[in-house]
Structures are given as structure tokens and as C-alpha cells.
Amino acid sequence: MDDHNNYVSWKSRWTFIMAATGSAVGLGNIWKFPYITGEYGGGAFVMFYLICILAVGVPVMIAEIMLGRRARTDPIDGMMKVARESGRSANWGVVGIVGVLAGMMILMFYSVVAGWALDYIYQSITGAYAGANHLAIKNDFGALTNNAPRQLLWHTLFIFMTGVVVAGGVTRGIGTAVETMMPLLFLLLLILLGYSLATGDFAGGMHFLFYFDPSKLTADGMLVGLGHAFFTLSLGMGAIMAYGSYMPASGSVAKTVVAVAFLDTLIALMAGMTIFPLIFANHMTPEQGPGLLFVSLPIAFASMPGGQLVGTIFFVLVTIAALSSSISLIEPGVAWLEKQGVRRIWGTVMLGGAGWLGGIACINHHAVFDMLDAATTNIMLPTGGLLIAVFTGWRMRRAIVREEIDDLPPWLFNLWYAVTRLVAPAGIALVFLNSIGVL
Ligand code: TRP
């Protein structure tokens, strides 16, 4: 296997786990998960989302990393390569192309939200919300989202930060950063959870998050829940495939995936258990929309001892979580351009520039923001995941798949294989059909 020998590689399996976790854990967990749970009614939505993580997310993630590691190159060339190896059409490269586009589209709104986090670092340091009442805090979030220059400043800074890391090469820079920052984020979330437990309406929050009332689960909610399972695990667009292409050949794909999915889910649930008790204790409703995080936590910080400091650290960590995710949104495209002979720095400038322009459109037209979010999360990612599962389960030679996933005992391999062939594609298809009213 000659061409398996010279590839860029993570320092160790641990670095790979941290990089994949860094990509997975981001605004999706801390910002998006709580607010869509609020909008789609709580417990039943959470339950459906958890089922999607287990039945679709985990198996597809195993498939994506496996494909990346087999191909040892960017997702576009990689899909073509693994398809040819199994005697299939190179047209499978389209999965990579659509993935690169989806990553760019996500970056456009993602960077705007990360910019909000940067703004809240500034607000925390200057004490903008210290001692303020909850109405004032709520209004200030509205003021931010209607102030284009203020958002543009932070959005530009965030794109720049993303570009610096990607231009420097992923393996060293981000690898080391996430190794220390992710544990810190976890610790801080734990402290905030404790605060919420002590001062918030914890029972109310838990009831909202975990009380299973199936009548609240709508077809729309299911589509959003499935889409979010892809979004939060960074699946369906080749990000994890690109990361997998740098994975040491010896590591266990399945064990790695279980670790990443577990950490990602844990952090999302912790964020939810922190935010909702604070919302209920302050007599607000859970359907606050995208402002949920940026309203509920400042309310807590405003009245908590040392809140200014805690708030500052918290939003710094949210920014870092966002950064360790955003780099994986352009890495597949940059890796592809590099393969075509474009130097990494110029590839980063081109794709970062496109993301920057798209972000400006999001800032000025909230409808563009919403459209990019819905089109990528609810349609492009699940479709990408569907194609990845179908390719792995039906088009790739089984012997090759088995060679890559060689550490699982036969029964577990067969279980994963069957889920990838049948359960995951059927599940995605059913949710799609349901959402357009066919079922
Ligand atoms: N998973 C990240 C989050 O939850 C977002 C993200 C990073 C992503 N890379 C991705 C989503 C690739 C989809 C595809 O914040």
C-alpha cells in the first residue's frame, strides 16, 4: 500500500479524537441545540434527536472517517478514488463537491453567530450587562442583530481567525489548541450547570428538556432533529472525511466515533440543562429563537458573583469552540484546492473571502441567514449522509470496508454494516418524505 505511506497525520489517535471533537463541539451544541429544542417543544424533540445520533449519526460518522482514511486525500478526490477502487463511477466525487459547497454555506452564517460571541466577550469585559435586568439584556441582543456595522466587525475578525489557523495547517495548530481548550470549556459548563442548579428553576428546565410528550413532535421537528444530528457531529459534507484522511492507520475508527459522539451529546445536554432553568426562573419562554444563549446566560452572569469574569471566560470558550469547528468547514475545500496546485494560503484566502462575503449577506438580510441554515442543515447534510451510507453499504466492496473496520468483532461489524445499508438510509428517506407531507 504505497500511497498509504506519505500523508499528513495527526500526532496520535488522541489528537484525532480531540480534533474531531473540536469540529463536532461548537455553536451547534451551545447555541443551536438549546434554541431549536425551545422552538420544537422540548423532550420529544430531544428524544428524537438522540435516536438520530445513535441510529444515523454514529454509523454515518464511522463510514465517513473510514472513507477518508481509505482515500488519504480531500473529499472530492477521495470519493472518486474509493469509488474507482471498488469499480464504481468517479461521479461519486459529486458527494465531495456538494460537501465543499455546504461547508462554505455553513461558514457564512456560522461566522456571524461566532461574531456575536466575540461581541459578548467585549460586553462582558466592559460590564455592559452587569447588573442589568432581563428585559434590558434581551433588548440588547435585538440591538446587536439589527446593527450591521457592529456585527460586520466581529464577523470579519472571526473569519480572519479561522483563516489564520487553516493557513497554518490543521494538524499542529488546532490539534494543540483543542487539547487544552475543550477540557476547559467542559469545566466551565459544569460550573454554570452548578449555578443553574442552585439558582434556576432546575425542575422546570429538566421537565422541559426530558419530558417525553410525543404529541409535540411535528414533521418539521423531526426534519430539524435529524438535520441537527448531522450538523452537531459535523457530518454529511466531508469535514470528518477530510479529518479521517489524516488519521493514523492503526487506530480504531469505531471506538473513536463513540468517544466523539458521546462527548458531543454530553456537552449539548449540559448546555440545555444550564440554559432552560435560567430561562424559566426569569419568567421567559423557551421559544426565544437564536437569542436564547445570548439572553439567558448574560442574565445569569449579570446577577452572579464574579459574573463579569465568568461571562468573559465563557464567551472566550464559546469562540474557541466555534473556531475549532469553523476550520473544519473550509478545510475540505482548501485541501482540495491544494491538491489542484493552489497554495494553502491562497486557497484559504479564496474560501475565507467567499465565507466573509456570504456572512455580510447574512448580516444584512436575516432571510439569507435562515435560508442558508435550513438548506444546509435540513437538506444538504442529510442528503450527503444518505449518499455516504448508500455508497459504503451498497457500492463499496465489502472486503475493503472490512479491511478498514478490522477491529470490531464480526457481530458488531455486521450490526454496523446493516444499519449503514438499511436503517440509516431508510430513516433519512422517511424523515424527508414525512417533512414534505408524503407520509
Ligand atoms: N459541528 C459543528 C457545531 O456543532 C459545526 C460544524 C463544523 C459542521 N464542521 C461541520 C457542521 C461540518 C456540518 C458539517 O457547531
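The values are calculated or read from the model by the stated rules, or taken from the named source; none is laboratory data. Computed from a predicted structure; not experimentally measured. Ideal geometry is used to build each Cβ from the backbone, glycine not excepted, and the neighbour counts take in all protein chains shown. To get the accessible areas, we keep the full protein, side chains included, count just its heavy atoms, and leave off ligands, DNA and RNA. Shrake-Rupley method; radii C 1.70, N 1.55, O 1.52, S 1.80 Å.
Restricting attention to the range 70-84, does a residue exist that is over 25 Å from Val257 (Cα atoms) and out of contact with any Ser or Thr (no Cβ under 9 Å at 6 or more places or on another chain)? Scanning the range 70-84 turns up at least one residue that is over 25 Å from Val257 (Cα atoms) and out of contact with any Ser or Thr (no Cβ under 9 Å at 6 or more places or on another chain).
Condition check ((1) in a helix (DSSP H, G or I); (2) among the acidic types (Asp, Glu)) across all residues:
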residue	(1), (2)
Gly28	yes, no
Pro34	yes, no
Leu50	yes, no
Leu54	yes, no
Val58	yes, no
Met61	yes, no
Glu64	yes, yes
Met79	yes, no
Arg88	no, no
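Scanning the range 329-348 for residues that are of a type in the set (Asp, Glu) and either more than 20 Å from Ser23 (Cβ to Cβ) or more than 14 Å from the ligand (Cβ to nearest atom) (or both) yields one hit, Glu338. Name the residues in the range 296-328 that are within 16 Å of the ligand (Cβ to nearest atom) and open to solvent by 20 Å² or more (accessible area, probe 1.4 Å), would you? Answer for the range 296-328, where residues must be within 16 Å of the ligand (Cβ to nearest atom) and open to solvent by 20 Å² or more (accessible area, probe 1.4 Å): Ile320, Leu323. Sub-6 Å Cβ pairs linking a first residue in the range 248-271 that is closer than 14 Å to Leu209 by Cα to a second residue that is more than 13 Å from the ligand (Cβ to nearest atom), at least 6 apart or interchain, are Met270/Leu189; Met270/Leu193, ordered by first then second residue. The combined condition, being away from the ligand (no atom under 13 Å from the Cβ) and surrounded by 15 or more Cβ atoms within 10 Å (Cβ to Cβ), is fulfilled by Met206. A single member of Leu144, Leu152 is part of a helix (DSSP H, G or I) and either open to solvent by 30 Å² or more (accessible area, probe 1.4 Å) or within 16 Å of the ligand (Cβ to nearest atom) (or both), and it is Leu152.
Of the residues making up the range 221-238, those that are assigned to a helix (DSSP H, G or I) and near the ligand (Cβ under 6 Å from one of its atoms) are Phe231, Thr232. With respect to (1) open to solvent by less than 20 Å² (accessible area, probe 1.4 Å); (2) in a loop (DSSP other than H, G, I, E, B); (3) of a type outside the set (D, E, K, R), the lone exception for Met241 is condition (2).
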